[in-house]
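S.K.: Right, I'll just put the structure down here and ask away after.
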Amino acid sequence: MGRRRSGPSAVTVLSGLLFRLETVGVALLLLALVSIPWLVPVTRGVSDLRESLVRGFGAFVFLFVALLALLGWLTLRRRLGEALSNWRPWLIAALWTGFAMGAASFFHPAWRLGETSLTDVSAGGTLGRALTGSPIGVLVWLGMGVGAFAATWPGAALTALERTPDVVRTVWGWRIPQRTWHGLRAVIEFVFPTRPEPEPTQRVPLDALTTAAREAEPAPLDDAAYAGAPEADPGAEADAPELAVPADAGGVQAELPLDAAPVDDADGKRRSGDGWELPPLDVLADVALEQSGQPDNAVRAQLIVDTLASFGVDARVVQINEGPTVTQFGIEPGWEIKYRQVQERDAQGRPVLDKDGRPKMRMEEVSRTRVRVNQITSLANDLALALAAPSIRIEAPVPGKPIVGIEVPNTTSALVTLRSVIDTPQFKRLSARSKLAIALGKSVSGDPVVADLARMPHLLIAGATGSGKSVCINSIIACILMHASPEEVRFVIIDPKRVELSQFANIPHLAFSNIIVDVEKVPGTLQAIIHEMDSRYRRFAALAVRNIEAYNRHPKVTRRLPYWVVIIDELADLMMAAPYEVERQITRLAQLARATGIHLIIATQRPSVDVVTGLIKANFPTRIAFAVSSQVDSRTILDMAGAEKLLGRGDMLYMPTDAAKPKRLQGVYVSDAEIERLVAFWTQDRFRNLERETFDYLFEEAKADLAGESEDDDPLLEKARALAAEHQRISTSLLQRRLRIGYPRAARIMDQLEEEGLVGSASSGGSREVVVGDWTASSDDE
């Protein structure tokens, strides 16, 4: 007979009952109920445990009870694993609870929980007192508060972290210790006066005051005097009257560092490093236009993948960067995989047959190679057709990323205002270091792009009519006017079109009295700038410094040199009028003027090789190309194609000095109303009494240098005589080569030699016979 099978033992039944989830949940609920002080009578041991919980958590013991109840309820509902999978709410609750317990430990209310009084253990219990009872505990407590805030509101925490440097810089700009010290000194001086009272000054008319202030201006250094400026009388400075000019009544302003960032004074006005009041940001329009009616980028990304797949190119979209004008789709090339059919065999090597008795075949991978980049770039027109786009630009690869960028135009372009870029942290950090910080625009991913003109050091801009070239120049001038005073930056504006930059004719930042609009005056203007450059180099040599930054920081310098920004709006007109002179002068300035703080911005709408010559382009490493008409023009300005596919209206390619490929940007836009408000600020009546030095005297030097009006005025006439004595025949081109001058000046010197009888009349060949006569003997006697 078989043995009867017995049922489950009592131990097995009891263990199964104890380890059921419902049993655990009920136990947690009972434990939460028992943990409530004075509610449920318990034994002595459980009562001691409950009192320990009250002493440890204080008033937060009810939060502990609620946590036990919550865990029990989730266990009963079999949702504990789901609730614990999302760890962030539990972390936030734990951090806030710890921070609240530390804060509650400072309070000792006369409450009793069971047999424990909160007067002895505080509202936060012993755990709360442990967080605030020692320096390390306080650091942990504060860290829990910061962590709880960052975990609850990550966006606000990130914004606060980004704005912390600006807040620190603003508080540092308040100069609290220095102002406190000056205030204490003023109080001590008032209580215990040690200085005699100043004698009352006689009131004089405002015009006389301004005239006297100009006469009392100290003379510059002897070795650093401007070329051609009249030398100051040594006794004139001692005899000049000393005037006490209030800050608000005009006169010469206080000398402050030029590299100081604009700060806000007590009245909320922006001031530059030398004390000039700067325009408020309200003069610029704060317009933030959102893009509307844009197609779904996910749909367009899938369309790109499908189009490439239809041509046998495996790729996938890994990035989508939506910018103001275009959206860049980052394409990661896939693989080209080759297969072959292989007959299946069993373990013994015999062919495996299917149900019809035929051998089974399988596909086996033979090779795997990456899709070549040119397979994607060659499909640009096919992608444009599939996306219904006028044109697309493929950047292969994107600098710094292992992807190919396909730039597809947006249906509507967003407006990039100047203020939207100026308000960014990138521009604020750059403007704090340089007075020539300029806002260029936003990239294809929407990031602001700023640059320092002092580091470029010169800028070449080219683009067809209506592409945004003049707006770019206006935005550069407006950006500098927003952050620099006339003592820090001066402009030389050459505008052959006469109307593009005429709105800036009255700003006090002009180095000369007027904007240069006559093409005939351009060689003289450039020569005047060259004289200023040479004069600055003589100043640097006198103090043994290398550049304008070192010169302005030198302790012997009493008057700092401003930066000069030379803007030429249309280079083609100048090259047609005087190609040799203009090219030579621009090249010399581009080669030598950087150290002296003189920087060039040249624009042209015809970037042909006869306008943008190789000599000019070699000295302008930083270039901006707007939309051009042909690929040849794009290669002329950028040495590569791409600008012919731009969309116009501010869409540009920016080639910095430290980049191998240009960056596509949407340039900033400045309206005529913004420029009018900005110019109106700088032409207000409150600035009319502030002295602004002009450099018109440099024109006289340049005129004498170029024209050679008399025999004594031209120092090269004597060299021309000596050159003629060495040859039997002489020509104007020989004078150009040997004396290194332009054709107009060489022709005038040749006419003077003919008037003196040293050379004969002009022949058909162009050269002239040298007349050997008494003048050679007389010169030898001398």
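The values are calculated or read from the model by the stated rules, or taken from the named source; none is laboratory data. These figures come from a predicted structure and were not determined experimentally. A quick note on method: Cβ atoms are made from the backbone with ideal geometry, for glycine too, and the neighbour counts reach across all protein chains shown. Accessible surface areas use protein heavy atoms only, side chains included; no ligands, DNA or RNA. Shrake-Rupley method; radii C 1.70, N 1.55, O 1.52, S 1.80 Å.
S.K.: Quote the Stokes-Einstein diffusion coefficient, in whole µm² s⁻¹, for region 536-630, based on the Kirkwood radius over alpha carbon pairs, a temperature of 25 °C and a viscosity of 0.890 mPa s.
M.R.: 162
S.K.: Can you give the charge dipole size of region 397-488 about its Cα centre, rounded to the nearest 20 debye, using +1 on the beta carbon of Lys and Arg and -1 on the beta carbon of Asp and Glu?
M.R.: Numbers: 9 positive and 6 negative charges, 26 e Å.
Here region 397-488 has a charge dipole of around 120 debye.
S.K.: Do any trypsin sites (Lys or Arg not before Pro) in region 73-117 lie in a DSSP loop with no more than 12 other beta carbon atoms within 10 Å, and if so, which?
M.R.: Numbers: sites: R77, R78, R79, R112; in loops: R77, R78, R79.
Answer in residue order: R78, R79.
S.K.: Can I ask one more? Amide H of A315: which non-local residues (sequence gap of 5 or more, or other chain) have their own amide H closer than 5 Å, using H built in the peptide plane?
M.R.: Hits under the 5 Å cutoff: G334.
S.K.: Let me ask another. Using the Cα centre as the reference, give the magnitude of the dipole from point charges on the C-beta atoms of region 286-380 (Lys, Arg: +1; Asp, Glu: -1; all else neutral), rounded to the nearest 20 debye.
M.R.: Details: 13 positive and 14 negative charges, 173 e Å.
Computed about the Cα centre, the dipole is about 840 debye.
S.K.: Okay, next question. Residue farthest toward the positive end of the dipole of region 307-367, with Cβ of Lys/Arg at +1 and Asp/Glu at -1: which of T307, M361, W335?
M.R.: The residue sitting most towards the positive pole is M361.
S.K.: Here is a further query. How many Å² of accessible area per residue for region 618-700, probe 1.4 Å?
M.R.: On the way: 3670 Å² over 83 residues.
Result: 44 Å² of accessible area for each residue.
S.K.: Can you give the local net charge around L84? Use residues other than it whose beta-carbon is closer than 15 angstrom to its beta-carbon, Lys and Arg +1, Asp and Glu -1. Can you show the working numbers first?
M.R.: Numbers: positive: R77, R78, R79, R88; negative: E82.
Summing Lys/Arg as +1 and Asp/Glu as -1 gives +3.
S.K.: Take the alpha-carbon positions of region 283-403, form their convex hull, and give its projected area averaged over all directions (one quarter of the hull surface) in nm². Could you put the intermediate results ahead of the total?
M.R.: Values: hull surface 53.4 nm².
About 13.4 nm², averaged over all directions.
S.K.: Moving on. Positive end of the charge dipole of region 430-556 (Lys, Arg +1 and Asp, Glu -1 on Cβ, about the Cα centre): tell me which of H554, A432, V449 has its Cα farthest that way.
M.R.: Comparing the listed Cα positions along the dipole, H554 ranks first.
S.K.: Work out the length of the dipole vector of region 412-566 about its Cα centre, built from +1 on the beta-carbon of each Lys and Arg and -1 on the beta-carbon of each Asp and Glu, and round it to the nearest 20 debye.
M.R.: Values: 20 positive and 12 negative charges, 117 e Å.
About 560 debye.
S.K.: What pairs from K435/K556; K428/K645; K469/K661; K338/K661; K442/K617 go past 30 Å between their alpha carbons? Can you show the working numbers first?
M.R.: Numbers: K435/K556 22 Å; K428/K645 33 Å; K469/K661 20 Å; K338/K661 35 Å; K442/K617 25 Å.
Pairs exceeding the cut-off: K428/K645; K338/K661.
S.K.: Going toward the positive end of the dipole of region 334-424, with +1 on Lys and Arg Cβ and -1 on Asp and Glu Cβ, which of Q348, V398, L418 do you reach last?
M.R.: Q348
S.K.: Now for a separate question. Explain nothing, just compute: Karplus ³J(HN,Hα) = 6.51 cos²θ - 1.76 cosθ + 1.60, θ = phi - 60°, for every residue of region 276-281 in order, whole Hz, x for Gly and Pro.
M.R.: These are the phi-based 3J(HN,Hα) values: 5, 7, 9, x, x, 5 Hz.
S.K.: Here is a further query. Counting only protein heavy atoms and a 1.4 Å probe, tell me what percentage of region 559-633's accessible area is made up of carbon and sulfur.
M.R.: Numbers: 1380 of 2460 Å².
Carbon and sulfur together cover 56 percent of it.
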